[in-house]
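One structure is given here, and the rest of the page talks about it.
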Amino acid sequence: MIQSNAFSYINVLDKAADASWIRENAIANNVANVDTPGYKRQDVDFQDILERKLKSTKYTSLQDAVNNVPLDQLNSRVYTDYGSYSYRLDGNNVDIDTENVELASEQLRYQTLTTTMSLEFSRLKSAMTTP
């Protein structure tokens, strides 16, 4: 990570992209285990963590909050989803249709995050080279 307020937004985007990548892997694992008896789906919690950290800062503007969010505390958390009740006799709670929709959604999120980071670097490069 880059230690400068100029890169705070990019650093947060980087953490979000990492979490998105981890979530894609968790969903792919759920899909792979759709027929495993007793398997409980896994998911990743990042958005709630980010939202709590941003709200806990004393700053009123989003830019100031992003500049001061503790990056070392923005870590995604993989958890097992025992709350999604299984209607299957084998105890597996993976719904393949839901997982496929979540996977497609997460792939779009990851693509958006990486594109946004690329655009931010382009903006910074442009600002540094413009006389």
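Here are the numbers for this structure:
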read-out	value
Mean Cα-pair separation over length for the chain, i.e. relative contact order, pairs under 8 Å, 6 or more apart, %	35
Nearest-20 debye value, the chain charge dipole, Cβ charges on Lys, Arg, Asp, Glu	580
Nearest-10 value in Å² for the accessible area of R123, using the 1.4 Å probe	150
Gain in span if fully extended, Q107 to S86, counting 0.36 nm per residue against the direct Cα distance	5.0 nm
Exposure of S8 as accessible area (Å², to 10), given a probe of 1.4 Å and all protein chains	10
Principal-axis tilt of helix 8-32 within the chain, Cα atoms, nearest 10 degrees	10
Cα-based helix-to-principal-axis angle, 47-56 vs the chain, degrees rounded to 10	40
Share of carbon and sulfur in the accessible heavy-atom surface of the chain [1.4 Å probe, %]	54
Solvent-accessible surface (1.4 angstrom probe) belonging to I49, in square angstrom, nearest 10	20
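The values are calculated or read from the model by the stated rules, or taken from the named source; none is laboratory data. Please read these numbers as outputs of a predicted model, since none were measured by experiment. Positions of Cβ are backbone-derived with ideal geometry, glycine not excepted, and every protein chain shown enters the neighbour counts. Remember, those area values only see protein heavy atoms, side chains included, never the ligands or the DNA or RNA. Shrake-Rupley method; radii C 1.70, N 1.55, O 1.52, S 1.80 Å.
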